[in-house]
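Notes follow the structure.
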Amino acid sequence: MQDPSLPVVGYFDPLSVAPGDVARLALSTTDEGVDVTLVNLARPEPQADRTMRSSLTGRYRAGPQELPFGSYLTVPHAEHLSLGGSFGVSLWVMPTRVKAGRQVLMAKDDTAGRWALALDDHGRIRWDVVADGISATATMPTPVVDGTWYFVAAGCDLATRRLELVVHRRADRHTRSTAPASGPDCTWPDRPAVPGDQRPGPLVIGASLGRGEGSRAEHVLNGKVAAPRVYRRFLSAEELRAEMDAAPGHEASVGAWDLSKDTASRRVVDVSGRGAHGRTVQLPVRAVTGPRWDPSVRGIHDAPDRYDAVHLHDDDLDDAGWAPTVEWRVDEDLPSGIYGAHARGTTTGEDVVPIVVRRHPDAPAAPILFVAPVFSWLAYGNFRGFQQMEPDPSPAGRYIVDHGLSSLYDRHTDGSGVVYSSWRRPIADMRADHVMRRGTYREGTTWGPPYGELPHQLSADLAVLRWLEHQGQRYDVATDVDVHRQGAALLEPYRVVISGTHSEYWSGPMLDALEGYLDSGGRYMYLSGNGLYGVTGLDDDEGHTIEIRRQGAGSGSWHVPPGEGWLSTTGEQGGTWWRRGRTPQRLVGVGFCAEWGSAQTTGCGYRRTPASHDSRAAFMFEGIGADEVIGDLPNPVLGHGAAGYELDRADRALGTPAHALVVATARELPLEHWLAMEELLAPRVRADLTFFETTGGGAVFSTGSVAWAGALAHERYDNNVARLTGNVLDRFLDPEPFDPSVITS
């Protein structure tokens with residue numbers, strides 16, 4: 001049922017639309033109805049001043065909608081998969097949370113009965129068959145162990161009342177041999193079977209499904225499965241031993257699924273020749289090591305067949321599948337921007353669900369494009385680990401924790417890292433009013449009195465749009481998802497492109513697009529810290545999910561197991577772009593070097609360097625004194641100072657152009673800021689304000705700080721951070737090209 005901590009909550013699909021597109025708003029409520037209006041999130045309160053005239057406005061029927069957690073594989077019913085007089089099944093399984101209770105490995109309902117291969121409440125493998133008027137069970141006497149591969153085979157002969165269950169444990173030392181388990185306890189009582197509904201169901205791997213339409217997954221497996229197979233008869237011991245290491249192709253096989261194929265999709269490929277293809281549900285992790293992998297395999301491209309497993313979790317959630325409350329055809333005259341559907345329950349509760357509206361495809365481009373970093377919004381969305389440290393979470397925080405929602409900084413219930421994040425689910429902290437509360441640790445576990453309530457991601461990015469609104473600038477908004485799909489062609493019409501405040505996660509096509517834009521004379525304002533950092537894939541199969549794989553030298557809350565560093569969505573190596581040789585310094589002049597620690601959150605201002613007096617940088621400092629400290633002022637995003645939270649610095653060795661000017665630097669940061677893992681041998685913690693020209697008459701301005709944009713609004717935008725940023729924007733909007741003759745090879 002709907003959580004009373006959030007009486008109204010919802011999401012848009014897709015998250016980025018253009019006028020004329022259809023956006024589906026899905027809401028879950030404690031009421032039977034909601035009143036919806038459209039608001040412009042770039043406008044500050046009061047609420048009335050944000051409301052837009054829109055066809056979205058109206059009252060709609062609503063009600064509670066469930067979150068269908070748990071991933072599994074499903075294969076539609078086919079006659080050759082039906083339970084017969086004699087049949088068998090096998091698969092490899094590596095459980096990762098044995099103590100979670102009953103977990104199903106494979107199961108199927110048939111017209112003649114049903115069968116299930118599962119872990120029981122004690123972690124023992126159990127084989128149940130209900131058919132032909134009887135119910136039979138075989139159970140292994142000892143439980144399985146987390147993190148160990150087991151080959152499990154089971155069979156049944158109804159005519160002879162023979163039930164078989166065979167389990168082999170993969171031996172230690174990464175060998176292919178297996179150690180047989182002891183025989184099962186087998187009972188075949190002569191009692192009536194539990195009646196079924198006489199309708200055949202799909203073959204389900206990694207869960208069981210309740211009966212009826214729209215049934216949810218039950219008894220979801222936490223762990224890996226590989227090489228699931230179904231046979232028309234139960235195989236002999238010799239045949240089973242051969243099957244353990246053999247490619248599928250046994251003459252008795254009627255279904256054999258190779259999980260190493262099509263890992264970029266939801267498709268589960270049957271290689272038996274009978275075409276019983278299936279699909280994944282709720283996106284278990286693909287491109288993971290299987291039972292035959294060993295450390296001599298350098299990667300998935302060297303031996304794809306060793307990556308023939310999927311990792312299932314009982315808390316996977318890729319698509320909530322909520323029924324749309326309204327399907328809104330975006331108004332043709334709606335300007336580009338970041339909007340919210342303000343949904344109010346008819347008796348209680350409200351939510352403002354964000355959506356990005358691009359410019360109309362037939363409209364001329366504005367001079368400025370703001371790129372909303374949706375990849376980063378999704379990466380941080382539903383940051384459960386942070387909320388769990390709060391002594392008194394917000395309603396959104398309680399909803400995240402109580403429902404076990406996850407960000408890409410969290411771990412699954414079995415301890416493995418979360419690698420996928422989707423917008424087809426409620427992301428309760430991806431809201432315009434979201435704040436992170438930062439203070440001091442007490443006893444290393446809980447927060448003390450909050451030092452500040454700090455906007456982050458979407459809520460911080462709106463500070464840039466509100467500054468543009470205050471400046472009276474015309475701008476469009478697109479997302480990095482759009483840049484990923486359309487490339488440099490999306491950026492080219494714009495005189496200036498502006499980043500978000502923490503644009504951390506980038507795909508290769510996004511980097512290519514920015515590089516192409518700069519090479520053609522574009523002007524880029526990088527108002528960010530820790531940007532262009534994490535290698536990110538976009539699932540092109542359905543298009544709403546991003547993927548990362550944390551590994552190697554880099555800051556992060558978890559790392560992938562050995563051998564699993566390649567993205568399933570793209571096949572490329574994950575980790576950081578720095579490790580891949582595509583450093584952010586090459587494109588924006590600065591790169592991630594430090595972040596805040598766990599104590600008080602505060603920063604500092606930037607002190608001008610001699611390079612700030614170079615004639616090339618004179619335009620930046622108009623109206624700013626020679627000795628002024630830039631951004632040494634209260635900051636609603638950080639508590640104090642325009643430099644802080646996460647910081648970037650220039651480094652010639654990592655690609656900062658030789659002609660780049662570091663015009664100001666922030667070094668007087670509190671000790672709570674620590675070096676990034678990959679920067680431990682670097683100079684001291686600092687943020688560098690950097691400028692350089694590009695070929696074609698373009699230029700780049702970089703702040704190197706997540707906190708910069710938060711300082712813009714201080715004293716109603718009358719401060720030197722806003723003044724300097726405005727000076728840069730005015731010059732970047734000027735069609736006069738920058739002088740490329742200063743560029744050195």
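The values are calculated or read from the model by the stated rules, or taken from the named source; none is laboratory data. Owing to the predicted nature of the structure, the values given are computational and were not obtained by experimental measurement. FYI the Cβ positions are ideal-geometry reconstructions off the backbone, even for glycines, and counts take in every protein chain you see.
Numbers below:
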| quantity | calculated |
| --- | --- |
| So GLY299, is it modelled with pLDDT under 95 and farther than 23 Å from GLN457 by Cβ | yes |
| In the range 495-522, the residues that are surrounded by 22 or more Cβ atoms within 10 Å (Cβ to Cβ) and part of a loop (DSSP other than H, G, I, E, B) | SER499, GLY500, THR501, HIS502, SER503, GLU504, SER507, GLY522 |
| Residue in the range 412-421 that is out of contact with any helix residue (DSSP H, G or I) (no Cβ under 7 Å at 6 or more places or on another chain), surrounded by fewer than 22 Cβ atoms within 10 Å (Cβ to Cβ), more than 28 Å from GLU332 (Cβ to Cβ) and modelled with pLDDT under 95 present | no |
| Only listed residue being more than 26 Å from VAL477 (Cβ to Cβ), surrounded by fewer than 22 Cβ atoms within 10 Å (Cβ to Cβ) and not polar (S, T, N, Q), chosen from GLY397, GLY404 | GLY404 |
| So SER5, is it surrounded by fewer than 20 Cβ atoms within 10 Å (Cβ to Cβ), in a loop (DSSP other than H, G, I, E, B), in contact with a helix residue (DSSP H, G or I) (Cβ under 6 Å, 6 or more places away or on another chain) and on the phi < 0 side of the Ramachandran plot | yes |
| Test: residue in the range 81-100 that is within 30 Å of LEU490 (Cα to Cα) and either in contact with a Lys or Arg (Cβ under 6 Å, 6 or more places away or on another chain) or not assigned by TED's automatic domain parsing to the domain that holds TYR399 (or both) | no |
| Residue match in the range 275-293 (condition: surrounded by fewer than 18 Cβ atoms within 10 Å (Cβ to Cβ), out of contact with any His (no Cβ under 9 Å at 6 or more places or on another chain) and part of a loop (DSSP other than H, G, I, E, B)) | yes |
| Residues located in the range 533-579, provided they are over 19 Å from CYS593 (Cβ atoms), part of a loop (DSSP other than H, G, I, E, B) and among the hydrophobic types (A, V, I, L, M, F, W, C) | ILE548, TRP558, VAL560, LEU567 |
| Filter result (loosely packed, with under 13 Cβ neighbours inside 10 Å and touching a residue at least 40 places away in the same chain (Cβ under 8 Å)) within the range 612-627 | GLU622, GLY623 |
| Within the range 87-112, tally of residues that are surrounded by fewer than 17 Cβ atoms within 10 Å (Cβ to Cβ) and in contact with a Phe, Trp or Tyr (Cβ under 9 Å, 6 or more places away or on another chain) | 0 |
| Residue tally, condition surrounded by fewer than 22 Cβ atoms within 10 Å (Cβ to Cβ) and part of a loop (DSSP other than H, G, I, E, B), over the range 710-731 | 3 |
| Residue match in the range 533-543 (condition: outside the structural domain of LEU259 (by TED's automatic domain parsing), closer than 25 Å to GLU693 by Cβ and crowded, with 22+ Cβ neighbours inside 10 Å) | yes |
| Residue that is farthest from the chain's Cα centre (by Cα), among those in the range 326-352 that are over 23 Å from ALA62 (Cα atoms) and among the aliphatic types (A, V, I, L, M) | LEU334 |
| Close pairs (7 angstrom Cβ cut-off, 6 or more residues apart or separate chains): part of a helix (DSSP H, G or I) in the range 647-664, of a type in the set (A, V, I, L, M) anywhere | ARG652/ALA658 |
| Any hit, the range 480-490, residues being closer than 22 Å to ARG579 by Cα, under 21 Å from the mean Cα position of the chain (by Cα) and part of a strand (DSSP E or B) | no |
| Residue list for the range 531-561, restricted to those being among the charged types (D, E, K, R), farther than 15 Å from TYR409 by Cβ and either in contact with a strand residue (DSSP E or B) (Cβ under 6 Å, 6 or more places away or on another chain) or without any contact (Cβ under 8 Å) to a residue 40 or more places away in the chain (or both) | ASP539 |
| Close pairs from the range 105-116: first farther than 17 Å from LEU165 by Cβ, partner among the basic types (Lys, Arg), Cβ under 8 Å, at least 6 apart | ASP109/ARG199; ASP109/ARG211; THR111/ARG199 |
| Which listed residue, of ALA323, ALA379, is part of a helix (DSSP H, G or I) and either in contact (Cβ under 8 Å) with a residue 60 or more places away in the chain or under 25 Å from the mean Cα position of the chain (by Cα) (or both) | ALA379 |
| Close pairs from the range 23-47: first under 12 Å from PHE12 (Cβ atoms) and surrounded by fewer than 17 Cβ atoms within 10 Å (Cβ to Cβ), partner of a type in the set (S, T, N, Q) and modelled with pLDDT of 95 or more, Cβ under 8 Å, at least 6 apart | none |
| Hey, LYS261 under 33 Å from the mean Cα position of the chain (by Cα), part of a strand (DSSP E or B) and basic (Lys, Arg) or not | no |
| The range 359-373, residues that are crowded, with 22+ Cβ neighbours inside 10 Å and not aliphatic (A, V, I, L, M) | PHE370, PRO373 |
